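So the structure is just underneath, and the comments pick up after that.
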Amino acid sequence: MTSTTHLGNASIVAIGGGHGLGRILSALSAYGSQVTGIVTTTDNGGSTGRIRACQGGIAWGDTRNCINQLITEPSIGSMIFEYRFRGNGELGGHNLGNLMLKALDNLSIRPLDAINLIRDMLKVNTHIVPMSEHPADLAAMTAEGNIISGETSVDELNDIPQRLYVEPAVPATKEAITAIEDADLILLGPGSFLTSVMPPLLLKEMGMALKNSKAKVIFVTNLDFENGPAGMMSLETMLHWCERAMEGRHLDGILTDRHHPDLPVRYQQIIENLASSNHEWRHDRDKLKHAIDKLIITC
């Protein structure tokens, strides 16, 4: 990667979970197929968790959320994909998009092929790749040495876990690794740190690809404090966890809305006004795009 990289030909990879990753991807939707979102697949809550408990497979909810945020042309197809059943019956609370993706999965189509079929149907140009096409769960080791399994259980911990794991140790999707190898800019977050940002980084091939990548790797901070154990972590600790997962690769900087005086000086702090005028805890799409455009120019 050289200083001649232009906005028109940059390859961007964003890694994370549903709401935060979806916000980044929607902010960069004008880049179309130059952007790849690598999506966490370990969720075990809500509609996704119920489907996994009944049918197995990877978690589809974060992928569906990202696709929803990338739909720019409302249609009957998008209405179907976004529909959520109401009531207290067996279908109550289920999102039809999750069921559609799972149905395609059951037809022995690769999870990535299922995503691409839906992307084509809904005219979504941005690439969306699951971190792995093999089912796995997030697990944590507590300070007492106990192993807690499942994202929802990790979120309910009263203390910061000692370590995180993905069980079993599934392989990363090969297209995700290729996207990282070809990237000019890689964005981690925003989103739930332990349950959205970290799971993809815990895959061995993903960590190694990030270590060897020539791209600029930037951590995007949340605009508000998290609940649960992640809310007890300092930003420096979060950055250390990311770097440990990337085999010691140092982050090139953080994109944030405020100065963090306690961070070591080796972290470049790119400070931008990123908050939505309607919701201070939510990133504004246009402000995000403007900030990321400036990052690309410096690649």
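The values are calculated or read from the model by the stated rules, or taken from the named source; none is laboratory data. Since the structure is predicted, the reported quantities are computational estimates derived from the model, not experimental observations. Cβ: placed from backbone, ideal geometry, glycine included. Neighbour counts: every protein chain shown. Just so you know, the surface numbers come from the protein's heavy atoms only, side chains and all, with ligands and any DNA or RNA stripped out. Shrake-Rupley method; radii C 1.70, N 1.55, O 1.52, S 1.80 Å.
Looking only at segment 151-169, residues that are closer than 30 Å to Ile292 by Cβ and either open to solvent by less than 10 Å² (accessible area, probe 1.4 Å) or outside any loop (DSSP other than H, G, I, E, B) (or both) come to 5 in all. Condition check for Leu255 on (1) closer than 18 Å to Leu25 by Cα; (2) assigned to a helix (DSSP H, G or I): one failure, at (2).
Are any residues in segment 199-227 over 24 Å from Ala172 (Cα atoms) and either buried (at least 17 other Cβ atoms within 10 Å of the Cβ) or in contact with a Ser or Thr (Cβ under 8 Å, 6 or more places away or on another chain) (or both), and if so, which ones?
Restricting attention to segment 199-227, the residues satisfying the condition of being over 24 Å from Ala172 (Cα atoms) are 221-227.
Across segment 199-227, the qualifying residues are Thr221, Asn222, Leu223, Glu226.
Among residues of segment 134-150 being over 25 Å from Ser108 (Cα atoms) and assigned to a strand (DSSP E or B), the one that is most open to solvent (accessible area, probe 1.4 Å) is Ile147.
Would you check if there is a residue in segment 242-250 being surrounded by 15 or more Cβ atoms within 10 Å (Cβ to Cβ), within 26 Å of Gly22 (Cβ to Cβ) and in contact (Cβ under 8 Å) with a residue 60 or more places away in the chain? The answer is no; no qualifying residue exists.
Here's the yes/no breakdown for (1) of a type outside the set (Ser, Thr, Tyr); (2) in contact (Cβ under 8 Å) with a residue 60 or more places away in the chain; (3) in contact with a Ser or Thr (Cβ under 7 Å, 6 or more places away or on another chain); (4) on the phi < 0 side of the Ramachandran plot:
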{"position": "Arg50", "(1), (2), (3), (4)": "yes, no, no, yes"}
{"position": "Thr63", "(1), (2), (3), (4)": "no, yes, no, yes"}
{"position": "Ile67", "(1), (2), (3), (4)": "yes, yes, no, yes"}
{"position": "Ile76", "(1), (2), (3), (4)": "yes, no, no, yes"}
{"position": "Asn95", "(1), (2), (3), (4)": "yes, no, yes, yes"}
{"position": "Met100", "(1), (2), (3), (4)": "yes, no, no, yes"}
{"position": "Asn106", "(1), (2), (3), (4)": "yes, no, no, yes"}
{"position": "Ile115", "(1), (2), (3), (4)": "yes, no, yes, yes"}
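Out of Ser192, Ser196, which single residue is of a type in the set (S, T, N, Q), open to solvent by 20 Å² or more (accessible area, probe 1.4 Å), within 27 Å of Asp257 (Cα to Cα) and touching a residue at least 60 places away in the same chain (Cβ under 8 Å)? Reasoning before the result, please.
Working: Ser196 fails: open to solvent by 20 Å² or more (accessible area, probe 1.4 Å).
Only one candidate qualifies: Ser192.
Residues in segment 72-90 that are surrounded by 14 or more Cβ atoms within 10 Å (Cβ to Cβ) and of a type in the set (A, V, I, L, M, F, W, C): Phe81, Phe85.
Which of the following residues is within 16 Å of Lys289 (Cα to Cα), in contact with a Ser or Thr (Cβ under 7 Å, 6 or more places away or on another chain), touching a residue at least 12 places away in the same chain (Cβ under 8 Å) and in a helix (DSSP H, G or I): Gly37, Gly20? Testing whether each residue is within 16 Å of Lys289 (Cα to Cα), in contact with a Ser or Thr (Cβ under 7 Å, 6 or more places away or on another chain), touching a residue at least 12 places away in the same chain (Cβ under 8 Å) and in a helix (DSSP H, G or I) leaves just Gly20. For Asn273, the test of being outside any helix (DSSP H, G or I), of a type in the set (S, T, N, Q) and within 21 Å of Ala30 (Cα to Cα) is passed. Of the residues making up segment 202-236, just one is assigned to a helix (DSSP H, G or I) and free of Cβ contacts under 8 Å to residues at least 12 places away in the same chain, namely Gly231.
Looking at segment 176-189 only, could you name the residues that are open to solvent by less than 20 Å² (accessible area, probe 1.4 Å), among the aliphatic types (A, V, I, L, M) and either in a helix (DSSP H, G or I) or at positive phi (or both)? Please lay out each step first, then the result.
So the first thing to find is which residues in segment 176-189 are open to solvent by less than 20 Å² (accessible area, probe 1.4 Å), and the list is 176, 179-180, 183, 185-189.
Going one step further and asking which of them are among the aliphatic types (A, V, I, L, M), we end up with 176, 179-180, 183, 185-188.
Of everything in segment 176-189, those that are open to solvent by less than 20 Å² (accessible area, probe 1.4 Å), among the aliphatic types (A, V, I, L, M) and either in a helix (DSSP H, G or I) or at positive phi (or both) turn out to be Ala176, Ala179, Ile180.
Looking for whichever is open to solvent by less than 20 Å² (accessible area, probe 1.4 Å), out of contact with any helix residue (DSSP H, G or I) (no Cβ under 8 Å at 6 or more places or on another chain), more than 18 Å from Ile12 (Cα to Cα) and not polar (S, T, N, Q) here; the options are Leu235, Leu274, Leu295, Leu239. Which one fits? Can you show your working first?
Values: Leu235 fails: open to solvent by less than 20 Å² (accessible area, probe 1.4 Å); Leu274 fails: out of contact with any helix residue (DSSP H, G or I) (no Cβ under 8 Å at 6 or more places or on another chain); Leu295 fails: more than 18 Å from Ile12 (Cα to Cα).
When all the criteria are applied, what remains is Leu239.
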